[in-house]
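All of the numbers you see were taken from the coordinates with simple rules; none came from a lab. Nothing here was measured: the structure is a model prediction, and the numbers come from that model. FYI the Cβ positions are ideal-geometry reconstructions off the backbone, even for glycines, and counts take in every protein chain you see.
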Amino acid sequence: MSWRRLPRRSLAVSAVLSLGAVVPVDVVVVRVLHERDWTWGTIAAVAAVVAVLIVAGIVAYEVARLRATRWRLTRERLELRSGVVSRQHRSVPRDRVRSVDLRADPVRRAFGLTVVKIGTGGHGDENAELTLDPLTVSEAETLRRVLLSGAPADAFLTEDPVLAGEPSRRDELVSATEAAWGSAPFRKDEAPQGNGLPEGDETSRRSGRHRGNEASLGGGRSRGSAASRGNGPSQEDEASSGHGSSWGGGPAGAMRAVEVVARLRWPWVRYAPLTVWSFAGAALVLGVLYKPLDALGVEVFSAETAALVWGWLTERPWVTIPVVVAGNVAAGVTGALLIFVESWGGYRLEREPGRPGAPEDTGPDARPASRDGRWRVRRGLLTSRSLTLDESRLRGVEIREPLLLRLGGGARVTAVATGLGKAREGETEDVAALTPPLPQAEAVRIAALVAGGRLPAPVPHPAAARRRRVRRALIAAVVPAVALAAMAMWIRNGGAEAWTRGSGLGAWAGGGGLGSWAGTGDVQAWIRDGALEAWVWGAVAAVLLLVLPLALLVAVAGYRGLGHGLGGRHLLARSGAVVRRTVALDRGGIVGWTITQSYVQRRAGLLTVSATTAAGDGHYDVVDVGGDTGLELAARAVPGLLDPFLVRSGPGAGCPPTSRAPSADAAVPSQGPRSF
């Protein structure tokens, strides 16, 4: 395949997006020239010239970028040449592709373009993604399917050279076929004979095969998808049986339907406000408006503004404070609802089939379908997002339950997979998110489907883990209370008054700064009247009556959140008090173990077992598990991996193992991932 250019429609997108840079610059220009008493006609002319220069400069750079950028797909690699000043040539083997992310803001959607990000599985590496910005939607969809399906290269390519910016013979034939037969999959009685294209035309035959595969994968337009618009998971979509060739060596025309696992249900929007940001709405609004108001010359945080606000609050606090709190919460809840609608509007989770004829799993916890499929998440009301994960690259699934969401009976599901980049600045959702906030039972159902089987039930941890958390809660609350009580006694015995007279820090400060403030008559009178001592005793009471019960509740919640389990395919680890995380990690993806035991854990007979994997966070911890139980869990999860580091405490294989590692923090390497 010859090198291809990016579509020229990107110039129009850049011109429209450049208006975002024009507006703030013109606002500053108008403000500055108006202060210098320029006439409005002159100001308008200058602002217009500035706008034209900015748009022209951005478009000129985009022209240079498009001329310098080329890409091509071969049977083994995806290659990209780019760079206006510094030239780069990147080449990614097709077998390294882990995920494909399609993203289109409203402007790109209007021009039929999308940004394609191909993840290659690197951790924390800026070169872990290859970005094609932009491609046409049809090119992006076809490239996505070919890269993740294991399809032959000629499913996307033709041997005829494709000139940059010009339609190929294949595109013309495909457009003609779509016009004749529509974009939905063919039914048995509707399917055209052969490929529906002229016989003897090799290009036509390749195009017909590609469209048949595209129809079989659905692309979001299958009949089953349309038929499954209910609230629950869809029934198996209507499968078609075309007459073209198929992938994977299966019978000719064998096709499997796209399964719609979950769709957005609008009652789920009730979970959107269950976040801490709902209580900081006013601060978020001020943060968003600060820069525009500052450009217009409005000082939001000036001393005069602060004095006016403080005077308004203290004039009638029993009225103003509830109004401020209610307004803050209302702004936060409204913002959370808007973000939910924009981020998750049109949400749909699909499982696309793999190659027909691929071997099926036959293990005790196997899927009903093969493991060569793909999971696709579609969402976004204004900015459309589409993330496709190769099922063979999934290493597990995670259920997250933040405190407020957990109290409301909700949860969310994320993927543990290789090849996922980090969220960009300004993103409101995790890149690995598979679901919006939704009912906990629905989250468990979806997690089980993604994981490929029923998740193991968590086993509670020993009582020593609860005692450890309660002890830490007592220390966190009692130590500050004791320190404040000692300060109150120091004030009562005259220590504070002597300090303000210059016998302590006040003398050291040389009569300036803190010492000068502490030596004022108002402060000394405040101390002599006992007001300062009363405030300190009030702080002691607040710690004992508020902080201590809250710390104990967090300790109990943290213990109740502990758990672990071992299933036929997955290791389950659960922990967290404020954010409870339940991770079902594929045992075949565990590449090593780290056994950690602090001094306090050693006294309590506990340890932390960390499973190392190449996906997600890189490691997942089973926290504060019993010593023998934790070692046995690691030994059974990946048989043979930990055996060289274990010593059985008695005769027979049934005796509990103990670690022979010389240190309390022992890293156990792997000889490679093991499958079951």
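Observations on the model:
- Each label point was placed 7 Å from the Cα along the Cα-to-Cβ direction; for ALA542 and VAL479 their separation is 2.1 nm.
- Here the stretch 1-42 was treated as a single set of alpha-carbon atoms; its pair distances binned every 5 Å from 0 give 5, 17, 15, 12, 11, 11, 9, 6, 5, 4, 2, 2, 0 percent.
- Within the stretch 41-124: Cβ-based charge dipole about Cα centre, in debye rounded to nearest 20 (Lys, Arg +1; Asp, Glu -1): 440 debye
- Residues VAL325 and TRP38, FRET efficiency given R0 of 51 Å [Cβ-Cβ distance, rounded to 0.05]: 0.65
- Protection proxy ranking of 23-33, 340-350 - average other beta-carbon atoms within 10 Å, highest first: 340-350, 23-33
- Relative contact order of the stretch 10-68: 53 percent, from C-alpha pairs under 8 Å at least 6 residues apart in sequence.
- Taken along its principal axes, the alpha carbon cloud of the stretch 10-68 reaches lengths of 45, 15, 14 Å, longest axis first.
- Distance between the 7 Å Cα→Cβ label points at VAL23 and ARG492: 6.2 nm.
- Lys/Arg +1, Asp/Glu -1 at C-beta; the stretch 10-68 dipole; positive extreme among VAL27, VAL50, VAL13: VAL13
- Peptides 580-588, 476-484, 625-633, ordered by how many other C-beta atoms sit within 10 Å of their residues on average, highest first, read 580-588, 625-633, 476-484.
- Tensor-based shape of the stretch 268-344 (alpha-carbon gyration tensor, a/c under 1.5 rounded, otherwise prolate or oblate): oblate
- Highest mean packing first, where packing is the average number of other Cβ atoms within 10 Å per residue, the peptides 80-91, 372-383 line up as 372-383, 80-91.
- The coefficient of translational diffusion for the stretch 1-106, derived via Stokes-Einstein from the alpha carbon Kirkwood radius under 4 °C and 1.567 mPa s, stands at 76 µm²/s.
- Point-to-point label distance, VAL285-ARG81, nm (Cα→Cβ direction, 7 Å offset): 5.4 nm
- The stretch 268-344 - charge dipole about Cα centre, Lys and Arg +1 at Cβ, Asp and Glu -1, debye rounded to 20: 280 debye
- Selection of chymotrypsin sites (Phe, Trp or Tyr not before Pro), the stretch 515-607, meeting DSSP coil and at most 15 other Cβ within 10 Å: none
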